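Colleague: Please read through the structure below; I'll follow up with questions.
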Amino acid sequence: MNELARFIRSQYAVDSDGIFYDGTKRYWSNLDRAENRSLADAVKEGGVRQTLGRRFPHLEEVIYSPKRQAGLELLELSGDEVCVDYGCMWGALTLPLARRTRFVLGIDQTLESLQFLKARLREEGIDNAVLLRADLNALPVFPQNARIDVALVNGVLEWVPETGDVELKSYYGKPRERKYSGTPLKHQEAFLKRLHENLAPTGKLYLAIENRYDFKMFFGVPDPHSNLPFTSLLPRKAADKISQMKLRRPYVNWTYSLNGTKTLLERAGFSKVDLYLCFPDYRFPEKIIRLDRPLDGFRPTIASSNSKGKKTFARLAARAAERFFFGILKAKALAPAIIAIGTK
Amino acid sequence: MIQELLRNGSHFSAHATYLAEVHGQKKIVKAAADPDGIENLKREFRGLEWYTRRRNPTQGNPCRIVAEKREYLRTEIDYVEGRIPDCRSGLVRSAADLRSLISHYCEIWPKGNRVPLHGDFSLGNAVFNEKSIYIIDWEHFAEDAVPGGFDVVYLLLETLCLGMRMRSKPSPEEIKILADLLAEANTRGHLAPEVVRSPLGFLVGYMKANPGFWGKQMPKFPVFKLSGNELAYIDTLLNARLSREKK
């Protein structure tokens with residue numbers, strides 16, 4: 001057993017499913033609680049993928065697609081790493097990481113997601129992963145001998161300032177008054193500083209996040225975090241006002257530009273930050289390219305057909321815009337998403 | 001260090017392809033984490049081993065397995081500089097490249113009824129440089145799997161189908177070029193008798209009967225664009241030409 005696993009066992013209680021916990025009751029999921037509970041219960045008996053495909057077919061690709069793990073190669077893993085997947089949810093990257101490395105600790109605040117992931121790990125015979133239900137903002141400093149080699153923060157940093165529960169559908173739709181202390185930046189910095197502290201001297205961070213200046217945002221495509229147009233682009237105060245008006249809460253899901261992401265990581269203590277542009281998004285990347293490489297020969301990455309195989313005007317227009325911004329203008333600053341590899 | 005993700009799980013296989021720089025040298029890195037993808041990469045390793053030996057018996061395999069776990073495989077392949085033709089240009093515009101590539105096939109491949117299969121012998125998988133032609137992407141490789149000339153027919157049919165774009169029938173000029181190029185391979189003795197009898201029909205029938213070489217995405221291959229009747233019609237013309245030349 002490695003030192004991180006030993007530390008988790010010594011610090012946290014464990015439930016009957018083998019999931020460690022710190023007492024948090026928080027919730028974040030694309031599914032609402034009832035749906036997520038029924039899914040977690042249904043997969044306990046096995047047949048995880050089939051059950052998911054039957055009940056929530058739209059999630060099968062989100063969780064199982066081999067495309068999702070393409071970014072992990074940027075970490076240049078040796079196979080002997082001890083890793084933490086911060087905000088692991090249903091394990092889209094936890095399992096691929098476990099298959100490539102020595103040990104993975106998956107941390108999430110949502111019990112139902114972890115129960116689903118536990119069933120997946122069991123079914124797929126992965127025995128080098130441990131799950132912890134904990135508040136990402138209240139994680140301890142790991143002891144010196146349990147410092148980690150890889151920290152994965154995939155689509156999570158922008159949610160760190162959201163200290164309330166999130167059932168994504170109602171989070172988007174129903175205005176509900178929420179109050180927050182401190183700025184989103186303060187929460188994100190504190191999270192990254194703690195994470196940085198927990199890395200071994202040669203440890204690396206894998207951060208995947210939307211670009212604040214994603215070219216689609218200029219066309220009024222809703223911000224994927226607030227579901228409101230233009231909120232990522234506007235000055236933070238203006239975005240706050242719009243969010244207060246429409247959703248009765250401030251705009252907390254801060255994303256950053258390429259420079260902003262680098263600065264954020266440097267302020268958290270990372271000595272080296274390598275930036276990559278990611279198309280058409282970081283979840284299902286078709287193209288990832290180092291910031292310093294030319295965009296010569298760029299071809300659109302947004303699929304021309306939707307999931308039903310039909311070509312839509314919106315998709316064709318988005319492809320044309322992609323061709324214009326990146327094939328012709330080479331406007332790297334407007335890339336849809338960013339992957340940053342931070343070295344301690 | 002990885003420079004770029006070039007391809008992610010598309011192009012008929014379940015692995016990702018990257019451009020990397022290792023000790024100042026350009027490399028192609030491929031990674032797979034599912035059984036199909038791993039099988040593809042292992043086939044490619046064997047394919048490049050065979051190909052390199054045929055090109056130059058003293059040269060080592062340019063493909064190396066750099067990480068292997070129960071459900072994960074990563075390979076690193078020496079990068080070859082050169083021009084990769086556009087496989088969508090069609091038979092007419094690509095005739096010269098096709099002729100060179102078929103000539104390269106005849107130099108490398110043995111003759112016979114059972115020869116190695118590349119499986120995606122396409123213009124898009126050929127690097128042309130000043131010195132020579134280099135075939136890449138050996139993910140469907142199988143030793144002694146197909147009758148001689150199989151990959152040549154695949155190359156020509158794929159170029160024809162991709163070049164037709166929205167058209168449903170090839171032009172007389174395209175059929176003439178197809179026949180000319182096929183006749184060149186035949187003259188050099190590289191087409192097995194069953195391939196000569198019905199080049200396109202045999203190819204399509206063989207692929208449908210042996211999906212294991214190509215994987216789940218095979219039905220999407222461009223070579224399946226033409227109808228059975230169309231294939232039979234073109235085959236009649238090709239067979240007449242090939243038989244005539246043999247006499």
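The values are calculated or read from the model by the stated rules, or taken from the named source; none is laboratory data. All figures in this text were calculated on a predicted structure; none of them were measured in a lab. Heads up, the Cβs are rebuilt from the backbone with ideal geometry, glycines too, and the neighbour counts pull from every protein chain shown.
Colleague: Kindly provide the set of residues from segment A:254-289 that are among the hydroxyl-bearing types (Ser, Thr, Tyr) and away from chain B (no Cβ under 14 Å), ordered by number.
Modeller: Passing the criteria: A:Thr255, A:Tyr256, A:Ser257, A:Thr261, A:Thr263, A:Ser271.
Colleague: Report whether or not A:Ser307 is at pLDDT 95 or above and away from chain B (no Cβ under 14 Å).
Modeller: It is false that A:Ser307 is at pLDDT 95 or above and away from chain B (no Cβ under 14 Å).
Colleague: Take B:His190 and decide whether it is outside any helix (DSSP H, G or I), in contact with a Phe, Trp or Tyr (Cβ under 6 Å, 6 or more places away or on another chain) and assigned by TED's automatic domain parsing to the domain that holds B:Cys106.
Modeller: No, not satisfied.
Colleague: Hey, another quick one. Among residues belonging to segment B:25-48 that are more than 14 Å from chain A (Cβ to nearest Cβ) and more than 16 Å from the chain's Cα centre (by Cα), point out the one that is surrounded by the fewest Cβ atoms within 10 Å (Cβ to Cβ).
Modeller: Looking at residues that are more than 14 Å from chain A (Cβ to nearest Cβ) and more than 16 Å from the chain's Cα centre (by Cα), I get B:Gln25.
Colleague: In segment A:79-97, which residue that is more than 15 Å from the chain's Cα centre (by Cα) and over 15 Å from A:Tyr206 (Cα atoms) is nearest to the other protein chains (Cβ to nearest Cβ)?
Modeller: Within segment A:79-97, the match that is nearest to the other protein chains (Cβ to nearest Cβ) is A:Gly79.
Colleague: Same structure, new question: Quick check, is B:Arg197 out of contact with any Cys (no Cβ under 8 Å at 6 or more places or on another chain) and free of Cβ contacts under 8 Å to residues at least 40 places away in the same chain?
Modeller: no
Colleague: Checking A:Gly342 against (1) outside any strand (DSSP E or B); (2) under 20 Å from the mean Cα position of the chain (by Cα); (3) not aromatic (Phe, Trp, Tyr), which single condition isn't satisfied?
Modeller: (1)
Colleague: In segment A:98-112, how many are within 14 Å of chain B (Cβ to nearest Cβ) and among the aliphatic types (A, V, I, L, M)?
Modeller: Of the residues in segment A:98-112, 2 are within 14 Å of chain B (Cβ to nearest Cβ) and among the aliphatic types (A, V, I, L, M).
Colleague: Criterion first (within 13 Å of chain B (Cβ to nearest Cβ), part of a loop (DSSP other than H, G, I, E, B) and more than 20 Å from B:Arg7 (Cβ to Cβ)) does A:Asp292 satisfy it?
Modeller: Answer is yes for this residue.
Colleague: Next question, about the same structure. Would you point out the residue of segment B:205-247, among those that are in contact with a helix residue (DSSP H, G or I) (Cβ under 6 Å, 6 or more places away or on another chain) and closer than 25 Å to B:Glu139 by Cα, that is surrounded by the most Cβ atoms within 10 Å (Cβ to Cβ)?
Modeller: That would be B:Val223.
Colleague: Another question about this same structure. Applying the selection to segment B:68-121, what residues are of a type outside the set (Lys, Arg), part of a loop (DSSP other than H, G, I, E, B) and over 30 Å from B:Arg167 (Cα atoms)?
Modeller: Residues satisfying the conditions are B:Glu71, B:Tyr79, B:Val80, B:Glu81, B:Gly82, B:Trp109, B:Pro110, B:Gly112, B:Asn113.
Colleague: Moving on. Give me the residue from segment B:10-24 that is part of a strand (DSSP E or B) and more than 8 Å from every other protein chain (Cβ to nearest Cβ) and, out of that set, surrounded by the most Cβ atoms within 10 Å (Cβ to Cβ).
Modeller: Once the filter is applied, the top-ranked residue is B:Thr17.
Colleague: Identify, please: which residue in segment A:182-220 is among the charged types (D, E, K, R) and either without any contact (Cβ under 8 Å) to a residue 24 or more places away in the chain or assigned to a helix (DSSP H, G or I) (or both) and is, among those, surrounded by the most Cβ atoms within 10 Å (Cβ to Cβ)?
Modeller: In this case the residue turns out to be A:Lys216.
Colleague: Those residues that are within 14 Å of another protein chain (Cβ to nearest Cβ), surrounded by fewer than 16 Cβ atoms within 10 Å (Cβ to Cβ) and either of a type in the set (Asp, Glu) or closer than 18 Å to B:Lys42 by Cα (or both), I need them from segment B:68-91; list them, please.
Modeller: Hits for segment B:68-91 are B:Glu68, B:Lys69, B:Arg70, B:Asp86.
Colleague: Another question about this same structure. Consider segment A:39-78. How many of its residues are in contact with a Lys or Arg (Cβ under 8 Å, 6 or more places away or on another chain), within 12 Å of another protein chain (Cβ to nearest Cβ) and part of a helix (DSSP H, G or I)?
Modeller: 5
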